[in-house]
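Since every read-out is calculated from the coordinates, none of them should be taken as a lab result. The structure displayed is predicted, hence computed values, not measured ones. Glycine also receives a Cβ, built like all others from the backbone with ideal geometry; neighbour counts cover every protein chain displayed.
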Amino acid sequence: MVTTVRTTADAQVLDEIPEYVAPRSRVRRLIDAFVARVRPEACLFGIFAIALVIIVAVTGQFKIVENRFVHSYRFFGTVGGVVLVMLVLGYIRAPKALGARERLNVGYWQALGTLREFGPLFLTLAFYEALHDLTPILRPHTEDHLLVASDHFFLHVDVGMWLDNHIGSASMTHVMTLCYLSYAFASPVYAGLQYVRGRHRAFHDFALAITITAFLGFSGYLLLPAVGPYIYQHQLYSQPLAGWGHGGILDIISKMKGSARDAFPSLHTAMTTVVLGMMWRDARKLFWTYLPVALGLYLSTMYLRVHYATDVAAGFVVGGLALYAAPKINRWWYASRNPTPPLTPVDHVVNCTLDGVSAP
């Protein structure tokens, strides 16, 4: 029997020997490089895209997707506007030592980086709109009776009718309509504002929170499909709201909504909650400015007979979950994959230009 005695000197020598690490294959290096660059919202976008492809292939409803993308003026218009603004800002903010062509190049790369940042967010929302139109095909039967029963159990009234009886008027309808429509602009405008100001942490948290909200919202539409009070309870709401008006904004909203099973949860509530939560954290003055409109929006979802009170409560839950999860996911994601924050497109192009190296 041979006994090996390890001296202190031997231990020091062994400790200095680096641990063997097997060389990574080219495929593994490519995968690691891809994972290092992808963002959490891009992953959710990928899930949306795969789901949309599968559902459209099974149902054959290619026209729905085509119409949604053709008519997504709000999404593509906002993205185009932000990209144009970043092009101009990149040119203005570039060092004066650079020539006009180099400064334009800086703006170009800033705009390209902006498109990369906003792409997953707005494509996810566009895909969500397409999936939203597919809900009547996927879930032809509705479960509105459960939501009506929930409202009756907790509140003992039909909230839309109660609001109409107590505060209904032509002026109130007009105010509620404007608050309701603010939903279409609040999220993209706030995202663009944070990005233009260079608050990238706030922007990424907000983008991920909105994407999570859309993901949970569509899941809710499939789990508990419902068309909303003004369709399901049409006998109760046989009389139009005061100030509704034939061919007015509310009629347009009604026609756009159609018979989609998109009542539960209320994504108007959920996404507005995300906007308010992020404003409270990152833009307190803007929070107080938008708060009255947001409160009006919450009320308008029930006043305009689009949602049950239970939908609104579920919307608060979805928005709260997104606000809680998004910053935590981002902290883990970027800490584990990219501990050193990368240069912005402008920083990278400026450094390359000053060093006499052309931009990639």
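Given R0 = 45 Å, the distance between the Cβ atoms of Trp332 and His156 translates into a calculated FRET efficiency of 0.50. Among rounded, prolate and oblate, which fits the range 271-340 when a ≥ b ≥ c are the square roots of the eigenvalues of its C-alpha gyration tensor, a/c under 1.5 means rounded, and a/b larger than b/c means prolate? Taking the square roots of the gyration eigenvalues as a ≥ b ≥ c, the range 271-340 is oblate. With neighbour counts taken as other beta-carbon atoms within 10 Å, the residues Ser169, Ser300 rank, fewest first, as Ser169, Ser300.
Report the trypsin sites (Lys or Arg not before Pro) located in the range 93-147 that are in a DSSP loop and have at most 14 other Cβ atoms inside 10 Å of their Cβ, or state none.
Numbers: sites: Arg93, Lys96, Arg101, Arg103, Arg116; in loops: Lys96.
Sparse-neighbourhood loop trypsin sites (Lys or Arg not before Pro): Lys96.
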